[in-house]
Structures are given as C-alpha cells and as structure tokens.
Amino acid sequence: MAVDSALSSPLGPPACEKDAKALQFIEEMTRNADAVQETVLAEILSRNAKTEYLKRFKLDGANDRETYKSKLPVITYEDLQPEIQRIANGDRSAILSAHPVSEFLTSSGTSAGERKLMPTIQEELDRRQLLYSLLMPVMNLYVPGLDKGKGLYFLFVKSETKTPGGLLARPVLTSYYKSEHFKTRPYDPYNVYTSPNEAILCADSFQSMYTQMLCGLLERQQVLRLGAVFASGLLRAIRFLQLNWRLLADDIRTGTLNPKITDPAIKDCMVRILKPDPELAEFVSSECSKENWEGIITRIWPNTKYLDVIVTGAMAQYIPTLDYYSGGLPMACTMYASSECYFGLNLNPMCKPSEVSYTIMPNMAYFEFLPHEPTNSSGDSSPKLVDMVDVEMGKEYELVITTYAGLYRYRVGDILRVTGFHNSAPQFHFVRRKNVLLSIDSDKTDEAELQKAVENASKLLTEFNTSVVEYTSYADTGTIPGHYVIYWELLVKDQANSPSGELLNRCCLAMEESLNSVYRQGRVADNSIGPLEIRVVKNGTFEELMDYAISRGASINQYKVPRCVNFTPIMELLDSRVVSAHFSPALPHWTPERRR
Ligand code: AMP
C-alpha cells in the first residue's frame, strides 16, 4: 500500500516511508545535477589537493571545473600504470588519493592480459551501498507486493589475491558481498533473499551454486523475483539445475545435504534449513525430467514476477534464451556500474530490454562526456568534453570519470547514447564497450588479443607446412555455457602431411592459453565459458564472404575481413562451408595470481 501523499514522489507513490526518502533523494540529485557535479568535483579536488598526481598538474588548490579541465589530461588505464604499480608494490604515500587505498578492485577489463587494478578507498563502499539502496524503492513503484516474498539471486564471490605490497585485489562484488554492509544488512522485507550468506560467501562455485539452488527450490512458492548479476549467470544456474536436479531432489527427499557439500559454514546453516519434503522432491523430479524445459522458471517458481538480470550491452545476446526458459517474463536491468565507479540506475526497470536507459546519479563521481564520432569528418581529433547537463539528446559519448578514489578524467571505455533526461540528469542507452570483439560472460576479448591467439596457435601448424590464411570469430551462446568459435581457412601446402584433428584440438587450447586472464578464469574457475572451438572452412570461403559483403554494398577497395561475425546469412554461409570442427581438449592455465 502506498504511503500518505505528503511523501509522494514525481516518480510515483512510494511503497513505504523509507522508499519515499530514497525517491526524494533521486529527485534532489537529478534536479540539481549541475550543482551536485560542481560540488562533487570541488570535494574531490580539495581533499586530494596534496596528492602527487594533482600536484604534478599544478592545480595549485583550484577546484573549479574550468581550471581542472584546462590542466588535467584525459587518460586511460595505461597512463596510470606506473602509479598503480607503485601502490600495488606498497607505496602508501598519497599518490592518487589522500585517503588510504583500502584495496584494489580487479576489473573484468584487462591490460596486457591481466585484470586492471582499480585502487579504491573505504568510503566508496558507502557510495555503492547508497546506489543499491535506491534500487528497490524504484522497483516497488512498478511491482507491488515484493515484501510478501523473496528474491532468488545467484550471487558469487570470486578468488582474491594480495599485491606485492599486501593490498587485497578482488572483484568489486566480492568486496561488497564480504563487507559488513552486505553481511550484516538490516532486515528489509522488500529485500529478502533465499540464498543464505554462507552460500553466497563460499568461494567454491559448485558448492555455492548447489546450495543457492537448493534453497531456491525449498522456497519455490515464496520466490517473487529471480536474478543474477548478468544474464549469463542466470543461464548458468539453469544449466546447473539441468545437470544436478537429481542430487538436489535426493537432498530434498531425505532432508540431508549431499556429501559433495563440505563447506562447514554451509553445512551448519543447511542443517537448520533442510527438512525432508518428499512431495517437493517429487515435483522437482517430475518437472526437471521432462524433455522440454521451455518455461521451466515459471513452472518451478510460479510466483516469479520478473527476472532481475542485466541484459544490456554484451548480455543482450542472451535475451531469446532467457525468454525461452522464463516464458517471456519481464527482465529488469536495474543498474549500471563498474569497478571504477557505480554510475547510475534505471528509473523504469520494467521497460523492454531494448529500451533500457540508465540515469547517471550526479553524486557518485564527476562525469564528463567525450563526444564519440567515429566518422568525424571535420578532422577534429580532440573533441571537447561536455558536462553531464550539456549532453545532447541522441548523441553518443564515451564516459570519462573523476572519482573520490583518485581517478582523474579517466576514460571508462563505454559508449553511451543519450535517450532523455530525468530532471536535469541525462539518461543513457548503453551502446557498447569499446574494442570488445567477443564476450560470453564477463570476459572481453579485443581484436588484438584474438589476433595474437590465432598467431600463437598457428605456430603449431608450421611443421605441417600449413598456415591460417583467414579467420573470423563468433560468440556462440547457443550452448550453455557459451563458447568462442573461430573459423579458420587453412592453406595446406603438403596434403600428404596435413595437420591432424588432434593437432587442431591442440590449436584450440593454444588459443585459450593466449587469451586474457578473465577468459581463462571463466573457463577454469567459474565454468562460465565452454571449450573454444575451431571450425575449419573450405578454401575460398572467405572470398565468398567478401563477395557477399560487396553484393550488399561494401566497397571492394576498403573491404576488410570482419574479425567477428553474428549476422545470420554470414553465419549460414560460414557454417555451410565447415569441413571439420575441433574443441579444446583441456582447460587452459589459470591461477588467481597475476602473471605479471
Ligand atoms: P567491471 O569493471 O568488470 O566491473 O565491468 C564494468 C563494465 O561492465 C562497464 O564498464 C560496462 O562496460 C559493463 N556494464 C556494467 N553494467 C552494465 C549494464 N547495466 N549494461 C551493460 N553493460 C554494463
């Protein structure tokens, strides 16, 4: 029931008093976006005035936008490498931030094959928490009654390491789930999860997933929403159920936990939760043993109102599969965030995935926008960055941030298109991340990495007098987990000594060994990416591909082989020319430790 009208919000009637405050905060921030941005920048610059980085650019205590923009360069991660390396090696002086660096967040974006290390400070946890606290108040505007049940969320921690200087390095969500903010969060009837903390915090991904699924099944009637961070994660959970429902049903039938679950904290808490329920076990078995899994989500969790899962950006490729398993439930993309900074939220979370826009919250950081004009004909190589309130409707920009943790005019690498404004805060469609060719889960492989992987793998072919004349790639999400497919056209000079199928399998593994650590972690630890596949195509296939492109209007002179394809007629052409398919026979190497 809505609270009294004195607390009403332009966004809609809040569900409770706490929500009213959150919605009011959103209104205040977005109405005063420019002033908030000015204050945020001034705060960041004044508290960090004595840092080595700001002193280097002779800001001399100035904290206004104009001086800042005239003196500080726009940078990328590579520009900050020396500073970051020093912090990682234990230099505790105020290099980037006056506040002590509390840990490193390891981004899924990589640099030289390893995750980027983002220094963060303690108080950033509060800022992230603040953004999280706005999500349910917005959702409650659209979906009533979420306090009457629970959320089944598949949430995971990943491994962490220490830098040579002793700072923890781990993904931002691992840091958040392990924080007191999450572990000792106060009870909120609108935000109750079926997954116990013990299961979420278990670093073994099998035991964690098993327990979370088991708890979700036990409380299937209470589940009102079902989610994971990314769409790929939710599909992995479905796949897990396909593979493990018999064990899960056994546990439910007998009220005892499978011996594969050895984590003491999980065992302790499941003793309290798990009771024999033969009827439920029978139901799970009968649903899961059916050949057809269409709509399985709503069959098992019949009260689910929506899926809470990001399906924007690279995750859009999973929408049809999620539709299939959920019988077309709405998919809510609630927020847009990164290791560097949490950016904003979707104020209309029940909209169609193609219409999702994120409203940037001006209190999170100081945001600038670099006009993105790939076909800039004026030859202007340094377009002027604009402030948040000055972005123009319909235009595309690259996001540039200045954060409390000490990133100054840092290019995030995301391309966003302005779709509107909420008050004076812009709303953006996530267009894409720059330079990402292939992505299955949180892995991001660019053209140079793919090229290097092909080069390394093709070294195995030299003794067979064979070379790769052309290649392209495809992120195959038809399998769960999805996997990379690389199409190779080979030039075999000595037919009598052509490479064997076994050798081509090894080429798959050699490619995987060359790919970045996020890819390899997905293969090894998270099981979120399947074995890489090479499909060898007939000679002349890539020429046909060119003919096809030219027939559709491509210029002969400027034609370049696309290094990644996903257009159905092209896929059909390639697949119809496949002579053999090969899969990686083993897991590539991966350990939490960084290679450099
Ligand atoms: P990471 O640094 O590993 O946390 O990854 C952050 C990146 O994930 C962002 O810069 C985006 O490219 C992507 N991302 C995060 N949230 C979303 C979203 N809601 N929609 C699309 N892409 C997203």
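Scanning the stretch 101-110 for residues that are away from the ligand (no atom under 11 Å from the Cβ) and either open to solvent by less than 40 Å² (accessible area, probe 1.4 Å) or within 18 Å of Arg411 (Cβ to Cβ) (or both) yields Val101, Glu103, Phe104.
Would you check which residues across the stretch 414-432 are open to solvent by 10 Å² or more (accessible area, probe 1.4 Å), within 16 Å of the ligand (Cβ to nearest atom) and touching a Pro at 6+ places or on another chain (Cβ under 9 Å) and list them? Matches in the stretch 414-432: Thr419 only. Where the second residue is part of a strand (DSSP E or B) and acidic (Asp, Glu) and the first is more than 13 Å from the ligand (Cβ to nearest atom) and lies in the stretch 400-413, which pairs have Cβ atoms under 8 Å and are six or more apart or on separate chains? Filtered contacts from the stretch 400-413: Thr402/Glu368; Arg409/Glu368. Among the residues of the stretch 442-463, is any of a type in the set (A, V, I, L, M, F, W, C), in contact (Cβ under 8 Å) with a residue 24 or more places away in the chain and part of a loop (DSSP other than H, G, I, E, B)? Checking the stretch 442-463: not a single residue is of a type in the set (A, V, I, L, M, F, W, C), in contact (Cβ under 8 Å) with a residue 24 or more places away in the chain and part of a loop (DSSP other than H, G, I, E, B).
Restricting the first member to the stretch 302-329 and to residues that are touching a residue at least 40 places away in the same chain (Cβ under 8 Å), and the second to residues that are open to solvent by 60 Å² or more (accessible area, probe 1.4 Å) and within 14 Å of the ligand (Cβ to nearest atom), the beta-carbon pairs closer than 7 Å and six or more apart or on different chains are Val309/Phe230; Ile310/Phe230; Gly313/Arg432; Met315/Phe230.
Of all the listed residues (Thr334, Thr312, Thr254), the sole one being hydroxyl-bearing (Ser, Thr, Tyr) and over 15 Å from Ala228 (Cα atoms) is Thr254.
Within the stretch 550-576, the set of residues being within 23 Å of Leu438 (Cβ to Cβ) and polar (S, T, N, Q) comprises Asn566, Thr568, Ser576. So is Ser528 more than 19 Å from Arg577 (Cβ to Cβ), in contact with a helix residue (DSSP H, G or I) (Cβ under 8 Å, 6 or more places away or on another chain), among the hydroxyl-bearing types (Ser, Thr, Tyr) and assigned to a loop (DSSP other than H, G, I, E, B) or not? Yes, satisfied.
The condition of being out of contact with any helix residue (DSSP H, G or I) (no Cβ under 9 Å at 6 or more places or on another chain) and more than 30 Å from Glu17 (Cα to Cα) holds for only one of Pro186, Pro144, Pro259, that being Pro259.
Do we have Ile319 as more than 9 Å from the ligand (Cβ to nearest atom), open to solvent by 20 Å² or more (accessible area, probe 1.4 Å), in contact with a strand residue (DSSP E or B) (Cβ under 8 Å, 6 or more places away or on another chain) and not polar (S, T, N, Q) here? So Ile319 passes the test.
Scan Ala35, Ala88, Ala98, Ala94 and give me the residue that is more than 16 Å from the ligand (Cβ to nearest atom), modelled with pLDDT of 95 or more, within 30 Å of Leu141 (Cβ to Cβ) and of a type outside the set (Lys, Arg). If you could, list the steps in order and put the result at the bottom.
Details: Ala88 fails: within 30 Å of Leu141 (Cβ to Cβ); Ala98 fails: within 30 Å of Leu141 (Cβ to Cβ); Ala94 fails: within 30 Å of Leu141 (Cβ to Cβ).
Only one candidate qualifies: Ala35.
Condition test on Ala237, is it within 29 Å of Cys288 (Cα to Cα), assigned to a loop (DSSP other than H, G, I, E, B) and either touching a residue at least 24 places away in the same chain (Cβ under 8 Å) or open to solvent by 20 Å² or more (accessible area, probe 1.4 Å) (or both)? Spell out the reasoning first.
Working: within 29 Å of Cys288 (Cα to Cα): yes; assigned to a loop (DSSP other than H, G, I, E, B): no; either touching a residue at least 24 places away in the same chain (Cβ under 8 Å) or open to solvent by 20 Å² or more (accessible area, probe 1.4 Å) (or both): yes.
Judged against the criteria, Ala237 is not a match.
Applying the criterion of at least 2 residues that are farther than 30 Å from Asp188 by Cα to the helices (runs of 4 or more DSSP H) found wholly in the stretch 47-160 leaves 52-56, 65-71, 77-88.
Only residues that are open to solvent by 30 Å² or more (accessible area, probe 1.4 Å) and more than 19 Å from Arg411 (Cα to Cα) were counted across the stretch 111-134, and they come to 8. Hey, does the stretch 159-169 have a residue that's buried (at least 18 other Cβ atoms within 10 Å of the Cβ), among the β-branched types (Val, Ile, Thr), within 17 Å of Ile273 (Cα to Cα) and away from the ligand (no atom under 16 Å from the Cβ)? Looking through the stretch 159-169, none of the residues is buried (at least 18 other Cβ atoms within 10 Å of the Cβ), among the β-branched types (Val, Ile, Thr), within 17 Å of Ile273 (Cα to Cα) and away from the ligand (no atom under 16 Å from the Cβ).
Checking the condition within 16 Å of the ligand (Cβ to nearest atom), over 19 Å from Leu241 (Cβ atoms) and at pLDDT below 95, which residue from Ala337, Ala314 passes? Don't jump to the end; show me each part of the working.
Numbers: Ala337 fails: at pLDDT below 95.
Among Ala337, Ala314, only Ala314 is within 16 Å of the ligand (Cβ to nearest atom), over 19 Å from Leu241 (Cβ atoms) and at pLDDT below 95.
Under the condition of being within 21 Å of Gly109 (Cα to Cα) and either open to solvent by 10 Å² or more (accessible area, probe 1.4 Å) or near the ligand (Cβ under 8 Å from one of its atoms) (or both), the residues counted in the stretch 344-363 number 1.
Restricted to the stretch 464-501, and to residues that are part of a helix (DSSP H, G or I) and at pLDDT 95 or above, which residue is farthest from the chain's Cα centre (by Cα)? Quick ask: steps written out before the conclusion?
As a first pass, look at the stretch 464-501 and keep what is part of a helix (DSSP H, G or I): 464, 495-497, 501.
Narrowing further to those that are at pLDDT 95 or above: 464, 501.
Details: Phe464: 40, Gly501: 35 Å.
The residue in question is Phe464.
The values are calculated or read from the model by the stated rules, or taken from the named source; none is laboratory data. The model shown is predicted, which means the values in this text are computed figures rather than measured ones. When we count neighbours, we look across all protein chains shown, and the Cβ atoms used for this are built from the backbone with ideal geometry, even at glycine. Calculation scope for accessible area: heavy atoms of the full protein, side chains included, ligands and nucleic acids excluded. Shrake-Rupley method; radii C 1.70, N 1.55, O 1.52, S 1.80 Å.
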